[in-house]
1. Give me the residue from the stretch 147-159 that is without any contact (Cβ under 8 Å) to a residue 40 or more places away in the chain and of a type outside the set (Val, Ile, Thr) and, out of that set, farthest from LYS55 (Cα to Cα).
2. Could you tell me whether ILE75 is over 17 Å from the mean Cα position of the chain (by Cα) and hydrophobic (A, V, I, L, M, F, W, C)?
3. From ILE60, ILE75, grab the single residue that is of a type in the set (A, V, I, L, M, F, W, C), assigned to a strand (DSSP E or B) and either in contact (Cβ under 8 Å) with a residue 40 or more places away in the chain or surrounded by 14 or more Cβ atoms within 10 Å (Cβ to Cβ) (or both).
4. Are any residues in the stretch 90-102 within 21 Å of LYS150 (Cβ to Cβ), surrounded by fewer than 18 Cβ atoms within 10 Å (Cβ to Cβ) and not hydroxyl-bearing (Ser, Thr, Tyr), and if so, which ones?
5. The conditions are (1) loosely packed, with under 13 Cβ neighbours inside 10 Å; (2) under 18 Å from the mean Cα position of the chain (by Cα); (3) small (Gly, Ala, Ser), and ALA141 fails exactly one of them. Which is it?
Amino acid sequence: MKKPKINKKKYSFYKYNKNYPKQFASEKKILLKILPNLLKIEHFGSTSVPKLGGKEIIDIIIEVPKKDFEKSRKILQKSGYIFRPTVKKRLFSKKYYQNRKVHVHLTYQGTNEISRAVSVRDYLRKNKKEIKKYEKIKKKAVEHAQGTGKRYVKFKNSYLRELEKKAMKKQL
């Protein structure tokens, strides 16, 4: 059976696909093999929330011991993940396969990066109204972006900050 090719048009909106958890599981197996000191691994972002549409990107956040942070980045890079500059506590990388796009966010123990990502995911999973609201914002962001990443992110940022505050508050 021929694998479908991914649409590399960056800023398009797609309906939720029930294969996203399987795609995460597949990438998780790879990451567990190549990162021996991995402490935590989580699927987050729109593909981790059933019924939430998005850009079809499997977002994964992983935590390693702080002492292994740079070593882990190098291992990921050698394994085909392409890094781009981000904040100090969290490095962003991407990898394209024939049939999926994966973003891996690397962080280290002692930050709150995983709890922030997971709290938003879990909050959305429990709030159908919030899913619908976020989906509308994502669709508008795609239109607004006109293919530009900075415009896409900027359009969603204020909503995402508020969503994260609500999610973290519920987590306490």
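Quick note: the coordinates plus some simple rules give every number you see, no bench work behind them. The structure displayed is predicted, hence computed values, not measured ones. Because the Cβ atoms are built from the backbone with ideal geometry, glycine has one as well, and the counts that use them run over all protein chains shown.
1. Residue satisfying both the conditions and the ranking: SER158.
2. Answer is yes for this residue.
3. When all the criteria are applied, what remains is ILE60.
4. ARG90, PHE92, LYS94, listed by residue number.
5. (1)
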